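Each remark here refers to the structure printed beneath this line.
The values are calculated or read from the model by the stated rules, or taken from the named source; none is laboratory data. Bear in mind that the values here come from a model prediction, so they are computed numbers and not experimental data. All Cβ positions, even for glycine, are placed from backbone atoms using ideal geometry, and neighbour counts span all protein chains on display. These accessible areas exclude ligands, DNA and RNA; they are computed on the full protein's heavy atoms, side chains included. Shrake-Rupley method; radii C 1.70, N 1.55, O 1.52, S 1.80 Å.
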Amino acid sequence: MDYKFIIKQRMEGYTLTSFGKNLQECSINEKHIALSKALMEEIVPPWRESEKKFKDKKRAYYLSSEYLMGRALSNNLINLNIKNEIESLMNDIGVSYNDIEEAEEDAALGNGGLGRLAACFLDSAATLDYPLTGYGIRYAFGIFKQKFMDGFQVEAADDWLKYGDPWSIRKEDEKVRVRFSSGEIYAVPYDTPIIGYKSNTINTLRLWKAEPLEVFNFKEFNDQHYDLAVKEKNDAENIGKVLYPNDSNDEGKILRLKQQYFFVSASLQDIVRNYKMNHSDFKDFSYYHAIQLNDTHPTVAIPELMRIFTRIEGLSWEESWNIVVNTFAYTNHTLLAEALEQWPVKLYKALLPEIYDIIVGINNQLMHELGGRGIYNSEAYQYEIIQHDSIKMAHLAIYGSKSINGVAKIHSDLLKDRELNQWYRLYPERFNNKTNGITQRRWLLQSNQELSNFITELLQTDSWITDLSKLKDLERYINDENVLRKFLDIKQIKKDQLAEYILKHDGVQIDSKSIYDVQIKRMHEYKRQLLNAFHILDLYYRLKEDPNMDIVPRTFIFGAKAAPGYFRAKAVIKFINDIANLVNNDSDIGGKIRVVFVENYRVSYAERIFPAADVSEQISTAGKEASGTGNMKFMLNGAPTLGTYDGANIEIVQEAGEDNNFIFGLRVEDIMEIQSSYNPYEYYNGVPGLRRVVDSLINGTFDDKGTGVYSELYDSLLKGANWHRPDNYFILKDFEDYRNAQQAINDIYKDRINWAKRCWMNIANAGKFSSDRTIEEYAREIWNIESTKQEVNIR
Ligand SMILES: *Cc1c(COP(=O)(O)O)cnc(C)c1O
């Protein structure tokens, strides 16, 4: 039978049995579910086969509190190599594929880069045929949906499961119990297939849902205590209710701690249960398992595995510790001191007393070990896992892991030389670097079909899709004007498409012939969206003074969510929206500059913005951005970086050539030198135009509706606060250099071919930044797992 016919039949069957109507009568959401379910019928058999082929092999497990997956449909169709057929089927039955695609809610179970990295890693591992299982939490609500009212961010619940989640399967018979001092709950697994690109592997993302042991208390209900009858259910389900939309520090402490222990305990119980099906003792445990901790959020895994071994399985402490250290590996994601996770001892004691005991045991062992090396007292104190009243999760993670890695070279070096130097001196062999990457399947093949096709045509092979280093061969076209013009044409197509989308979704008309200058990432002081905003306002004032100023029209595009309790970040959103309002409505400017802050920035929006960008804004204070991955998505789509020497920007310009990018500002060494004597007033008063834009925060230019957020922002720059010095992120110091770099972009952009060459060099040298490369490094250097590429065919 014809393939399309089979899929259609399945869709029709599904709509009848699930929605009680014919396919034609269904809403677009129902059609989307029906198609996805029809595809699941296709996916599950090879998924089960794939599971079997890794049976006797070492496997890796990724423990992450976040997965920023985005949409699944197009990604799955591309990886299954059936997208054209399905598009044609939708056409046959009179449904717009685009509408179906747009009907899918993003699975936004993450905040930003860290969660998106987890998603890219899963894609790469499946594509490369590595056995990697993701474990996490099935949050009922992902990162909040963002709206603007009067320019202020307003948050709404992200009810992503409203229409159901066709891509996951509940595995009732594999649920486990998780115990807190306050009682026991179930962790019920929901499995989502992770389909490799034309590969032989379908891996699993297993997310745990929190449920009560008893869903309904009949006696309480009968006694007319209706609230109490469902109290246990509500308490349990609250654990998996929301992703903490907090990028850096923790709130809602107890619930957050419950979440961490909940998914970690469930995952380890699952791993141990599977192991015991084929093994009668634990001596080979670390031979078969590598468990990667994505930041410190899952670090409670270290004492939890100790608990399982010593208190349930009857192993000795020494043997258990040996297995634990050889099983875990820890990835550090931040250099921000305030973001290093710590937990009040009293919380652990109250909620997880057994785990607390074990942490004390681990700390005692550490102190003993340090003593053996002649390290005592104050010198030993800097290693303590329990300091004063808090538990330092990074110390626990480092002491309990065989590998500690940073996520870009400069970041790993700074960990070794500064933040974690004491640990580096103790265990130099544990420290290593794994520069982050992104999957080219989603961030080029899927989101920029036009450029993908062109690359394949030029290379006469599509092998770049699974080996991004092949892009290097594009360098041979660097002086081919036809190729460069074709690239510019494609960029224009993507810019037109984005303009149309922005008009429809954000109601802002932009000039698609202007330079698209883009900063999309979480809103945070260290990422310095405020520096970008000051530059725009300065440009605006200069244009007002000199309407004939010769500039290439420019559209400044922002996308960012701010943590709901992070007032300064929210103030910057309001400030940029106010600037947009001022600039976009001033006819004197003649449309030369426009500002648009897109609402609800997320993966599916990102897929439309990266391909259309001309300039990649990566302007964090040097030493603050661990790696960045947005920078790589821009590069891959041919947008030069306007950035500081920070995170992976450094490696990006090393690969693509500093001349092909725009580097400005203080470097880490400069900051170390000046920070104690830094006086922002020097720049506020001394740099032409700077005072004018900073003062706009307090002189009535803009109205923060009596909230006081603008004057607070102003004070943070010039007066500081009790927790930081004035202008902690050196915005005023870097302003002039940034403005000069922006001027250089304006001048070079005019020469279209010269500009296209720079873009082209970025594309041709993006190979290093594939998450395939990163995953290969993890697999070989940390996990010791083997690929099954070319072994068995599961389809
Ligand atoms: C890639 C990505 C990020 C990370 O961006 P950075 O610039 O590296 O901070 C955040 N959010 C989304 C939706 C992304 O796709």
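Considered as a group, the residues in the range 195-222 that are farther than 21 Å from Ile169 by Cα and open to solvent by 70 Å² or more (accessible area, probe 1.4 Å) include one that is nearest to the chain's Cα centre (by Cα), and that residue is Lys198.
The set of residues in the range 722-736 that are in contact (Cβ under 8 Å) with a residue 60 or more places away in the chain, open to solvent by 40 Å² or more (accessible area, probe 1.4 Å) and among the charged types (D, E, K, R) contains only Lys733. The number of residues in the range 132-187 being over 30 Å from Lys570 (Cβ atoms), β-branched (Val, Ile, Thr) and surrounded by fewer than 20 Cβ atoms within 10 Å (Cβ to Cβ) comes to 2. Filtering the range 478-508 to residues that are over 22 Å from Ala756 (Cβ atoms) and either within 15 Å of the ligand (Cβ to nearest atom) or without any contact (Cβ under 8 Å) to a residue 60 or more places away in the chain (or both) leaves Glu500, Leu503, Lys504, Gly507. Annotation: Pro303 fulfils all but one of (1) closer than 26 Å to Lys58 by Cβ; (2) without any contact (Cβ under 8 Å) to a residue 12 or more places away in the chain; the unmet one is (2). When each of Leu63, Leu73, Leu35 is tested for being away from the ligand (no atom under 16 Å from the Cβ), within 23 Å of Thr435 (Cβ to Cβ) and not basic (Lys, Arg), the lone residue that passes is Leu63.
Check the range 91-110 and report whether any residue there is of a type in the set (Asp, Glu), within 25 Å of Asn453 (Cβ to Cβ) and within 16 Å of the ligand (Cβ to nearest atom). Yes, the range 91-110 contains at least one residue that is of a type in the set (Asp, Glu), within 25 Å of Asn453 (Cβ to Cβ) and within 16 Å of the ligand (Cβ to nearest atom). With respect to the conditions (1) touching a Lys or Arg at 6+ places or on another chain (Cβ under 7 Å); (2) within 21 Å of Tyr197 (Cβ to Cβ); (3) open to solvent by 50 Å² or more (accessible area, probe 1.4 Å), Pro45 falls short on a single one, namely (1). Of all the numbered requirements in (1) over 30 Å from Asp150 (Cα atoms); (2) touching a strand residue (DSSP E or B) at 6+ places or on another chain (Cβ under 9 Å); (3) open to solvent by 20 Å² or more (accessible area, probe 1.4 Å); (4) of a type in the set (A, V, I, L, M), Val508 misses one, and that requirement is (1). Considered as a group, the residues in the range 709-719 that are more than 18 Å from Ile579 (Cβ to Cβ) and out of contact with any helix residue (DSSP H, G or I) (no Cβ under 9 Å at 6 or more places or on another chain) include one that is surrounded by the most Cβ atoms within 10 Å (Cβ to Cβ), and that residue is Asp715. Over 24 Å from Leu205 (Cα atoms), open to solvent by 50 Å² or more (accessible area, probe 1.4 Å) and touching a residue at least 60 places away in the same chain (Cβ under 8 Å): does that describe Ile254? Yes, satisfied.
For the range 529-568, filtering for residues that are away from the ligand (no atom under 15 Å from the Cβ), among the aromatic types (Phe, Trp, Tyr) and part of a strand (DSSP E or B) leaves 1. Given the structure, is Ile650 out of contact with any strand residue (DSSP E or B) (no Cβ under 8 Å at 6 or more places or on another chain) and either among the acidic types (Asp, Glu) or without any contact (Cβ under 8 Å) to a residue 60 or more places away in the chain (or both)? No; evaluated as a whole, the condition is false for this residue. Residues that are of a type in the set (A, V, I, L, M), within 16 Å of the ligand (Cβ to nearest atom) and farther than 20 Å from Ile652 by Cβ within the range 509-528 comprise just one, Met523. Tallying residues that are farther than 23 Å from Lys495 by Cβ and in contact (Cβ under 8 Å) with a residue 60 or more places away in the chain within the range 544-576 yields 14. Counting only helices (runs of 4 or more DSSP H) that sit wholly inside the range 283-393, those with at least 2 residues that are in contact with a strand residue (DSSP E or B) (Cβ under 7 Å, 6 or more places away or on another chain) and either over 24 Å from Tyr778 (Cβ atoms) or open to solvent by 10 Å² or more (accessible area, probe 1.4 Å) (or both) are 345-351, 353-372.
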